[in-house]
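Read the figures in this text as sums done on the coordinates, not as results from a lab. Worth saying up front: this structure is predicted, and the values here are computed from it rather than measured. Cβ sites come from the backbone with ideal geometry, for glycine too, and all protein chains shown count toward neighbours.
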Protein chains: 2
Amino acid sequence: MPRAGLTVERVTIAGAELADEAGFDQVTMSQVARRLGVKDASLYSHVRNLQELRGRIALLAADEKTIRIAEAVAGRAGRDALVAYANAWRGYAHEHPGRYLATQTPVPIDPDLAADAPGPRRAIELTYGMLRGYGLAEPDLTDAVRLLRSTFHGFVALEAANGFGHSRSTQESWGRSLEALHVLLEQWPTSDRGDHP
Amino acid sequence: MPRAGLTVERVTIAGAELADEAGFDQVTMSQVARRLGVKDASLYSHVRNLQELRGRIALLAADEKTIRIAEAVAGRAGRDALVAYANAWRGYAHEHPGRYLATQTPVPIDPDLAADAPGPRRAIELTYGMLRGYGLAEPDLTDAVRLLRSTFHGFVALEAANGFGHSRSTQESWGRSLEALHVLLEQWPTSDRGDHP
DNA sequence: ATTGCTTTCCTAGAGCTCCTAGGTTGAGGC
DNA sequence: GCCTCAACCTAGGAGCTCTAGGAAAGCAAT
């Protein structure tokens, strides 16, 4: 009986593929084992339990998304960088809906595991870097980062949950929203004083 | 043996309470039945299956959230309305995390069921009404509605998933973001022509 | 080549879950 | 009292998670 050659990584990837194809809630020990041609009990040599597997998928997705954004933003600035960043984010969510959903489920992730994954932290840094050209200073910078991330995440989440009607193309709304955010960043209302000169 | 007096509504409410207390993924037939002092099989007289129960919880939450927003916005306009709307949204999500999560999970909801629930549709109308004062015309109005809803949803979703670091109070970022959105709506870049007069 | 160690993968099984099928019993109308 | 309907039950199949312990593949050293 030949061995399947499982590793933590292969199990995680199989789970991630399953998440994209069948939905994140279909990521179960049994299903992942079936996909790998293995009995479900065998997975427990590589992964502590289902919760840890799902957490690993979430971290994998966060890393992948971050890398994708980093590549898209590289060498760009201002509006170009904003649009590239946002499109990379949305593109990843569209192509990997299951993995993306994994990142937003409130799974308590093992801190030791999370420490190894540079994804989430680096994603924040990337956002700060992208905003450098807009001339914002703290604490406005942090607020702007949070606003942007909220909008990107909220948009793709509502898209995925069919939260938008069918009257107008979401693609167009997306483009217009990015334009609006660009304008907003250029005219950000600073917090330390009113906007009357 | 006295009857528990179950109805679809009571089952749904029990599920919603359970969602808030233990998390939406803990909403199972067994758990809800246990909470109602009943065997799980008994629930199937009132609810087709677990999926329908979760869908009903999602619709209940959407209705409750919409009512809360409607009350908050009533009689207000402009910035006041925007802030009231946003705070009502976030307040509901904070007080009912399980129900709120129910609304964003991609549960395929029975169309017949959804038709009875005025929540989602009315929520959109409310958003349009709130924006009336900003003088936007279609299709910018729709784009602005989508941007706002995305931001509100994304912010509370990231808050719930611990997506923000601990460096700055989320409450402050929230307030500043609302201010920024208000400015954005006042200076929305119209789509039919450039912004050069 | 044989031995021994480690890791991989297995079988077996307990306990929980969803859901169906069919039976019993309460409550209200006649 | 009796009938009917609905509410609630027991029984049971099938799938899932996870543990305990066993078999065997691969590797290293003798």
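Here the dipole of chain A is about 480 debye; that uses its Cα centre as origin and unit charges on the Cβ of Lys and Arg (positive) and Asp and Glu (negative). Site pair residue A:49 and residue B:21 shows an inter-label distance of 2.1 nm when each label is modelled 7 Å from Cα along Cα→Cβ. Dividing the summed helix terms, -39500 (n - 2.57) for each DSSP H run of n ≥ 4, by the number of residues in chain A produces a 222 nm estimate of -21000 deg cm²/dmol to the nearest 500. Between identical copies, the spacing of residue A:37 label points, each set 7 Å from Cα toward the C-beta atom, reads 5.5 nm from nearest to farthest. Distances between copies of residue A:8, taken at a point 7 Å out from Cα along the Cα→Cβ vector and listed shortest first: 4.8 nm. Based on Cα contacts under 8 Å between residues 6+ apart, chain B shows a relative contact order of 21 percent.
Placing dummy labels 7 Å off each Cα toward the beta-carbon, the span from residue B:41 to residue A:167 is 5.0 nm. Closest approach of a chain A beta carbon to the axis mapping chain A onto chain B (residue, whole Å): A:154, 1. Taking trypsin sites (Lys or Arg not before Pro) in DSSP loop states with no more than 14 other Cβ atoms inside 10 Å as exposed sites, chain A has its longest site-free stretch at A:49-192. Counted residue by residue at 0.36 nm each, then reduced by the alpha carbon distance between them, the extension gain from residue A:71 to residue A:94 reaches 6.5 nm.
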